[in-house]
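Encoded as structure tokens, the structure appears first; notes follow it.
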Amino acid sequence: MILKAEALTKDFPTPSGPLRILDGVSFSIDPGESVSITGPSGSGKSSLLGLLAGLDRPTSGRVLFKETSVSEMEETELCAWRRTSVGFVFQNFELVSSLTALENAALPLEILGRSAKEAAARAGEILAALGMGARSGHFPHELSGGEQQRTAIARAYIHEPEIIFADEPTGSLDEETARSVVDSLLGINRRIKTALVLVTHNPELARQLDRSLTIHGGKLA
Amino acid sequence: MPVALFFRLYRRNFRRLFFFSSCLATGVAFLFAVESVLGAVRRSVGERSRELLAADLEVSSNRPFDAAANRVFDRFRKRGARIVPLTSFSSMLRPEDFGATPFLVSVKAVTAEYPLYGSLVTDPPHAPLGPGDCLVEDTAARQHGLAVGDAVLLGDARLRVSGLITAEPDKSMTRFSFAPGLIIAREAIDKTGLVRFGSRIRHRRLIALPRSADPAAASRAAEREIERTLDSPYIRVTAYADAEPTVSRVLKRVTGFFVVTALITLMLGAVGMGSSLTLFLNEQLPTIGMLRCLGVEPRAVAGLYHALCAAVGLQGAALGAAGGWLLGAVALEALKSGLGLTLPVELSLSPAAAAEALAVSTVVAVGVPFARVRAIAAIAPLTILRGKASTLPPRRRDTAILAILALAALYGFALLKSNSSELARGFAGGLVAAAALLAAASAAAVRAVERFAAKAPGLPFALRHGLLQLGRERARSRIFLFTLSAGFGLLGALDLVRLSLSEEILLGKADLVPDLFLVDIQKPQLQGVKELTRSFSRVEPEFSPLIRARLSHINGVAVRRRDSGAMTLEERSRQSFLLREYNLTYKDRLNGSETIVAGSFWRPGETASRISLEKGFSERMKVGLGDRLRFDIQGRPVEGTVDSIRTIDWMSMKPNFFVVIPRAVLEPAPQNFIASFRLADRGAFSDYQRALGRHFSNVSVIDLSKVLDSVQEILGTLLSALKGVAWFCVAVGLLVLAGTIALDRRARARRTALFKALGCPPARVAAVDAVSFAAIGLLTFAIGSLTALGLGRLIAGMLEIGFFVDFAAVGRTLAAALLFPTAVGVLANWRAYGAGVSKTLKFE
């Protein structure tokens, strides 16, 4: 087991009182496993991903990463955990607009303390492998949606994390581009045995992963 | 639909739009508050200046006033003016005690209505002044051992000293005679037998005009009317506003400084609001893209955002008018309690002022972002939705048209406020040139930073990414850099001008300015008087020889009285000026108050006949470098060539002369000496006078300390108002700049969340931001300091102030420029460093 959710609940305050988004969600993920989380809009998929990745804290319950409670980590420990063990792919890419594709992809290595030169060399290799070699010097606003997402994938795995979280990575893409992005993610998952947790609406995409979890009304179905 | 959309956008962005309005409102409020303050200061200074003349207007002549003059006085009387006659002349006063030394006095014969303004203070208070009485200046009475009740002889009249003069109103730094004062009743003139044909008499009329809203303008108008009607070279008319040149000169400069400060504050508000609106418009690009996709025409989109800008302007006008009224009330109260302004303060918000606030605010709010709104409204929707619009510049034609309109508006407004086309031209031209240079410098600096950071992969993480952030987010960085450099440059310039003006007002060392004069020192007494005075003086006393002379030839042509019938007023005035008696001096070194503005001054030991003239004197005489002048000194001719022109700072109170000749040429001529100095201990004045009276009884002491104190007090009022105005401008500027920096908060919060999601600790994100802002600070420091020096020199030149660079002040302002962006930027983003990543990415 690499990641375990134990009775996770998440409430959001609203003017009419707390709104429960997640209600006692529990499951675990093994190393190298790929898991999809599906469900209708507003079912709590992205909120669950945020809790699993330590981007948010649960109202109750906890997330364990190899027996360590992510939910109880201090901010500095969380940052250290994310920069060494975790990769992210967001639906709307979230690239730094002032950095080129190469610099965006190299960012996690630089944050880890590697030299900018070394990080750029490695980012160049990965982008080339993803078919982005010719576009690596371009800024995000000069790239298409698919190119931006492939850059985000390169950024997510450049530091070879143990788990990648992807929040609807194909949500903004056409079918063909979406397929190529998923192929890239699954390729990484299989090649370097990185666990993959992927939130999607797409049942076809979910079927390509090892296991599928469906969430409905804040609970696992 | 657009109207409904307008209100929806307005409601949704109310807080931000309110901030933009506040930036503008601060400038507008300040503009109107300054007008109230300036009005009050002018009234207060005017009130004091009237005391320096004891009237609104003085008409004086060396000849008795003729029928035409008396008709003019009658005309003024009919309009409600009060007029009192005054007669002045010099004579010897002899204490009746046998053996007492007679001494020279400046006699003033007055009526009971004297003075029209200010008060004559005597010891005992309200001493009587009948036909057999006289009032003696206290310093002279002490020196010559006179007391109340003593008898003195003035010409043929025997008078009783009924009181000592401790303060009299119509004395100023440029209107005193080299003899102590004696006041007698007008009825006593005939008894003295001194006023007869050939006597040197000055006939004067003091005039108090009826109350008016602008007494200074009324006195000047009356001055022009009398001059035009009488058209005589022998008559001199002085309005109180011009009676003390130092005060009027400083008041003029302070007024100019106030106007410039108010305009600069408005500029700061406009720059802050303009930058903020530009950032806001960039943030609105997705909405604009969406509207365009939904089929809204560019014109309608432009109209919608122009209307939002106009709403900002209207809000700014309302806030500014109310703020200006409030600020004016607070400032005037501070002036009243802090500086002792005694005038009733009428504070009201006139419809004209409100309309002006509305116009200024709306024009600025719509005008500044006009080109940007038009540009983004016309961009293809896809360009906006792909996020490429924020980097596109406004259209050149729009920018050019806007620049021309801005220049015209700036000039027109500066002209309206200052009433000086020179100041308006300099201000508008200087600001536009400075803005263009600043924009170019900001763009070049941002580009240079980007190149440096991209080509230096070896830099530490925070440094590299901080600089990349600055260099790559060009549009945003340029706005910051331009706004901050303009802001700190303007504030720095203002501070430098304020300090230069303060330096000029306070003469640097006010406590060292001489306030006592000695006159009529004979050559054999010189050494003794020097020794005695040195032991009492705070500074080395300055002694100057005084030689009386008449001008006999200019370039070989004899100066003689010609028939003035066919002469213009100016020609008659010049003739009268040329024929008067002059005081010359000799020296081989300039004193600290003199500056050569043309030609060169001779070296010590010069034996050739050379002449140095004061600038105003040479202009009035219409002589310049190379002209030859011949003076008649008690029958002996002394001829020389004018080879230098000097300006003199008369406020220095040093003995200064229109005409200076080398020592070797003039030393043998008959002469006496005058001196100026300042007592080390004011309490020792009586001791000094007694000692002087004992050994050198003919030497008179003229005490100008009261006049000097009075002038310094007025100038001090101006200086305090000046400081308050300048510091308020600094405070407003910093607030507006802080607001502009804080506006970037959303984008930074999002980037912070992303970096944190990638595992970057908040402290490192803060370090990246700090580097980015520190680099902006450093660039602001460099560009701002050049702007401050350039604009400071320009503004000082416009206000005719000697530009003085106080490096400590420059350092202070620029240290703030260096630290301010970092501190505000990091503080504004502080919450984001600790905020949840998910929440920030979802909601910001």
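Only the coordinates and a few stated rules stand behind these numbers; no lab work does. Quick caveat: nothing in here was measured; it's all calculated off a predicted structure. Here Cβ is always computed from backbone atoms with ideal geometry, including for glycine, and neighbour counts include all displayed protein chains.
Counting other beta carbons within 10 Å of each Cβ, put B:Glu223, B:Glu35, A:Glu204 in order, fewest first. Write down the numbers at each step before the final one.
Details: B:Glu223 21, B:Glu35 18, A:Glu204 11.
In order of increasing Cβ crowding within 10 Å: A:Glu204, B:Glu35, B:Glu223.
Comparing A:Thr170, A:Leu8, A:Leu127 along the charge dipole axis of segment A:3-220, the residue lying farthest to the positive side is A:Leu8, per the Cβ-charge model.
If you take the Cα centroid of segment A:110-138 and the Cα centroid of segment B:56-85, the two points sit 94 Å apart. When only the Cβ of Lys, Arg, Asp and Glu is charged (+1, +1, -1, -1), the dipole of segment A:41-178 relative to its Cα centre reaches about 220 debye. Its Cα centre serving as origin, segment A:83-148 has a Cβ charge dipole (Lys and Arg +1, Asp and Glu -1) of approximately 160 debye.
The value given for the protein assembly as shown is a Kirkwood hydrodynamic radius of 35.5 Å, derived from the mean inverse Cα-Cα separation.
For each of B:Thr752, B:Thr780, B:Thr166, count neighbouring Cβ atoms within 10 Å of the residue's Cβ, then give the residues from fewest to most.
Values: B:Thr752 26, B:Thr780 31, B:Thr166 15.
Lowest to highest Cβ neighbour count: B:Thr166, B:Thr752, B:Thr780.
What fraction of the DSSP beta bridges in chain B is antiparallel, stated in percent and rounded to the nearest 5? Bridges in chain B that DSSP calls antiparallel: roughly 80 percent.
What shape does chain A have by the C-alpha gyration tensor, where a ≥ b ≥ c are the square roots of the eigenvalues, rounded means a/c under 1.5, and otherwise prolate means a/b greater than b/c and oblate the rest?
prolate
Projecting the Cα positions of A:Leu112, A:Phe93, A:Leu213 onto the charge dipole of segment A:3-220 (unit charges on Cβ atoms of Lys, Arg, Asp and Glu, taken about the Cα centre) puts A:Leu213 furthest along the positive direction. The C-alpha atoms of chain B define a longest principal axis, and helix B:245-283 lies at about 0 degrees to it.
Where does each of B:Leu734, B:Leu551 land when they are ranked from fewest to most other beta-carbon atoms within 10 angstrom?
Neighbour counts put them in this order, fewest first: B:Leu734, B:Leu551.
Rounded is the label for segment B:84-205, because the ratio a/c of its alpha-carbon gyration tensor axes (a ≥ b ≥ c) stays below 1.5. In percent, how large is the relative contact order of chain B, given Cα pairs closer than 8 Å and 6 or more residues apart? Reported relative contact order: 17 percent. To test your reading of the geometry: what angle, between 0 and 90 degrees and rounded to tens, separates the Cα axis of helix A:101-112 from the longest principal axis of chain A? With both axes taken from Cα atoms, the answer is about 60 degrees. Report the longest stretch of chain B that contains none of the trypsin sites (Lys or Arg not before Pro) sitting in a DSSP loop with at most 12 other Cβ atoms within 10 Å. In chain B, the maximal stretch lacking such sites is B:212-454. DSSP beta bridges fully contained in the protein assembly as shown are about 70 percent antiparallel.
Take each residue in B:757-770, count the other chain C-beta atoms within 10 Å of its C-beta, and the mean is 5.
The charge dipole of chain B, taken about the Cα centre with unit charges on the Cβ atoms of Lys, Arg (+1) and Asp, Glu (-1), comes to about 3780 debye, rounded to the nearest 20.
The mean sequence distance of close C-alpha pairs (under 8 Å, at least 6 residues apart), as a share of the length of segment A:3-220, puts its relative contact order at 31 percent. When the alpha carbon coordinates of segment B:68-154 are projected onto the principal axes, the ranges are 52, 28, 20 Å, largest first.
Round to the nearest 10 and give me the degree value, 0 to 90, for the angle of helix B:569-579's Cα axis relative to the longest principal axis of chain B. Helix B:569-579 and the main axis of chain B meet at about 50 degrees. Ordering B:Val765, B:Ala380, B:Ala100 by Cα displacement along the dipole of chain B toward the positive end leaves B:Ala380 in first place; charges were set at the Cβ atoms of Lys, Arg (+1) and Asp, Glu (-1).
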